[in-house]
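Engineer: Could you have a look at this structure, given as structure tokens, before my questions?
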Amino acid sequence: MKQDLFESPDFYNLDDLLTEEHKLIRTSIRDFVKKEISPYIEDWCQQASFPKEIVPKFGEMGVFGPTIPQEYGGGGMDYISYGLIMQEIERGDSGMRSTASVQGSLVMYPIYTFGSEEQKRKYLPKLASGEMLGCFGLTEPDYGSNPAGMVTNFKDMGDHYLLNGAKMWISNAPYADIAVVWAKNEEGRIHGLIVERGMEGFSTPETKGKWSLRASATGELVFDNVKVPKENLLPGKSGLGAPLMCLDSARYGIAWGAIGAAMDCYDSARRYALERIQFDKPIGAFQLTQKKLAEMLTEITKAQLLAWKLGKMMDAGTATTAQISMAKRNNVEIALNICREARQIHGGMGITGEYPMMRHMANLESVITYEGTHDIHLLILGHEITGIPAFK
Ligand code: TGC
Ligand code: FAD
């Protein structure tokens, strides 16, 4: 019996496609998650508490902005490394991966890609080390899947901008030191602005009562005549394409992250199937249980292949939005299905916090919705196939 079919199934020997450095990165993040996240995650989730002490620890481990160049505090790594980091964090919990992917892909990435040299020097090293936490404000109460309709706006007041509006469902918001906010100017053109905690008229009320991503803090961003210095506008790109480029990077990370959650559930199910005796046999001896396990392993293997090839295309700079959508959509869906099947294998025990399935399953209900819903990704693929956008 192959031992690597347990914790981290590698049925197609995909490790052959990784470098020694990739494997080292994966091992170090896996060890970190086992020590700093897994023993506490159930309590954090039960208490709906965001462990803010994890932020500098993540910084120390280099999980923030792994692909950002080292001169700005990033890791200077490739996209496969980034993916492996997301996979290992999400094996621990999707909410913890959210914290990392927002900081890296949705805050550091736009500052690095569209920011001025001063903005890069001012913010990136502190974000990389975890001295600062950031959030990304695109979604609004009336504009989720359709961010182009956003109403948050800013006016040029001569020596500063005046920002008004509100964002909702923003990961990290209640604890964030800065927010990258997407808003329209007087001509209706979308721009990114860096808003700092402490600016008058800026507040970040927490969203309570979530049944999903309970260890991740979610909140609103409210702008009531906030004076934003002109040097806080991201000068490099305007239009909806700018936030959509950030989403390409974050959705890629999710495609890997979801595999981590799936592996954790599969691992638990396989162990339980071999230990739990019913009708004088391990339940893993029954064909129906074997079917579930075989299908889980098949879907994990297919998802690994999609993620790895997408990573190579990200490194080559050739990955398209539709290719990223396919991987995000597929991998989150299979992870959710695997959580449900693994929960069934655990019978009644599967609904308790002693096992990770219910937590992963509830988390993945957010993951299948944020960064573009499951159906929006299907429509992005439909657009690619037919050339006809069916969004509107
Ligand atoms: P559309 O007309 O297609 O495009 C508008 C402009 O953007 C350009 N563009 C891109 N540019 C760069 N990269 C991309 N990936 C791009 N995709 C499109 C496009 O060429 C066009 O440019 P221009 O110059 O012609 O203006 O836009 P649309 O309004 O029809 O919308 C398309 C749609 C529905 C696919 C898009 O709006 C979408 O993806 N909606 C989903 C929204 C979404 O994903 N929100 C996520 C919020 S952030 C989040 O959830 C974080 S969770 C974090 C966590 O905790 O992990
Ligand atoms: P809606 O857009 O109202 O969609 C509702 C339903 O209608 C969905 O099933 C959708 O697929 C469907 N639908 C919509 N339009 C179409 C169409 N044209 N055709 C067919 N079906 C359609 N946003 C941020 O900006 N930053 C964050 O950090 C962030 N973090 C989040 C954290 C959590 C926990 C959650 C739950 C969300 C977060 N989001 C964040 C917001 C997230 O991106 C949105 O929830 C998501 O884009 C969907 O928007 P919506 O919730 O308004 O749903």
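The values are calculated or read from the model by the stated rules, or taken from the named source; none is laboratory data. Only a predicted model underlies this, so the values are computations on that prediction, with no experimental measurement involved. Neighbour counts are summed over all protein chains in view; Cβ atoms, including those assigned to glycine, are modelled from backbone coordinates with ideal geometry. Accessible surface is based on the protein model in full, side chains and every heavy atom, while ligands, DNA and RNA are left aside. Shrake-Rupley method; radii C 1.70, N 1.55, O 1.52, S 1.80 Å.
Engineer: Looking for something under 24 Å from Ala316 (Cα atoms), under 23 Å from the mean Cα position of the chain (by Cα) and basic (Lys, Arg) - is there at least one such residue anywhere in the range 214-227?
Structural biologist: No, that holds for no residue.
Engineer: Within the range 378-387, which residues are within 8 Å of ligand 1 (Cβ to nearest atom) and under 29 Å from Lys210 (Cβ atoms)?
Structural biologist: Leu379, Ile380, listed by residue number.
Engineer: Something else now. In the set Ser171, Ser145, which member is closer than 28 Å to Leu364 by Cβ and open to solvent by less than 30 Å² (accessible area, probe 1.4 Å)?
Structural biologist: Residue meeting the stated conditions: Ser171.
Engineer: Also, quick follow-up: Within the range 358-375, track down each residue that is assigned to a helix (DSSP H, G or I), over 14 Å from Ser101 (Cβ atoms) and in contact with a helix residue (DSSP H, G or I) (Cβ under 8 Å, 6 or more places away or on another chain).
Structural biologist: Correct list: Met358, Arg359, His360, Met361, Leu364, Glu365, His374.
Engineer: Condition first: farther than 24 Å from Leu336 by Cβ, within 16 Å of ligand 1 (Cβ to nearest atom) and hydroxyl-bearing (Ser, Thr, Tyr). Can you find one or more residues in the range 89-112 that meet it?
Structural biologist: Within the range 89-112 (the criterion being farther than 24 Å from Leu336 by Cβ, within 16 Å of ligand 1 (Cβ to nearest atom) and hydroxyl-bearing (Ser, Thr, Tyr)), the answer is yes, since at least one residue qualifies.
Engineer: Can you tell me which residue is nearest to the chain's Cα centre (by Cα) among those in the range 336-361 that are within 16 Å of ligand 2 (Cβ to nearest atom) and open to solvent by less than 30 Å² (accessible area, probe 1.4 Å)?
Structural biologist: His360
Engineer: Further question: Out of the residues in the range 362-377 that are over 12 Å from the mean Cα position of the chain (by Cα) and not polar (S, T, N, Q), state the one that is farthest from ligand 1 (Cβ to nearest atom).
Structural biologist: Filtering first and then ranking leaves Ala362.
Engineer: Still on this structure: Looking for something within 14 Å of ligand 1 (Cβ to nearest atom), of a type in the set (S, T, N, Q), within 18 Å of the chain's Cα centre (by Cα) and surrounded by fewer than 17 Cβ atoms within 10 Å (Cβ to Cβ) - is there at least one such residue anywhere in the range 310-318?
Structural biologist: No: the range 310-318 contains no residue that is within 14 Å of ligand 1 (Cβ to nearest atom), of a type in the set (S, T, N, Q), within 18 Å of the chain's Cα centre (by Cα) and surrounded by fewer than 17 Cβ atoms within 10 Å (Cβ to Cβ).
Engineer: Okay, next question. Give the range 220-240 a look and list any residue that's open to solvent by less than 40 Å² (accessible area, probe 1.4 Å) and either free of Cβ contacts under 8 Å to residues at least 40 places away in the same chain or away from ligand 2 (no atom under 11 Å from the Cβ) (or both), or say none.
Structural biologist: If the condition is that a residue be open to solvent by less than 40 Å² (accessible area, probe 1.4 Å) and either free of Cβ contacts under 8 Å to residues at least 40 places away in the same chain or away from ligand 2 (no atom under 11 Å from the Cβ) (or both), then Phe223, Val226, Val228, Asn232, Leu233, Leu234, Ser238, Gly239 are the ones that fit.
Engineer: Looking only at residues in the range 183-219 that are touching a residue at least 60 places away in the same chain (Cβ under 8 Å) and out of contact with any strand residue (DSSP E or B) (no Cβ under 7 Å at 6 or more places or on another chain), which one is surrounded by the fewest Cβ atoms within 10 Å (Cβ to Cβ)?
Structural biologist: So the residue we want is Lys208.
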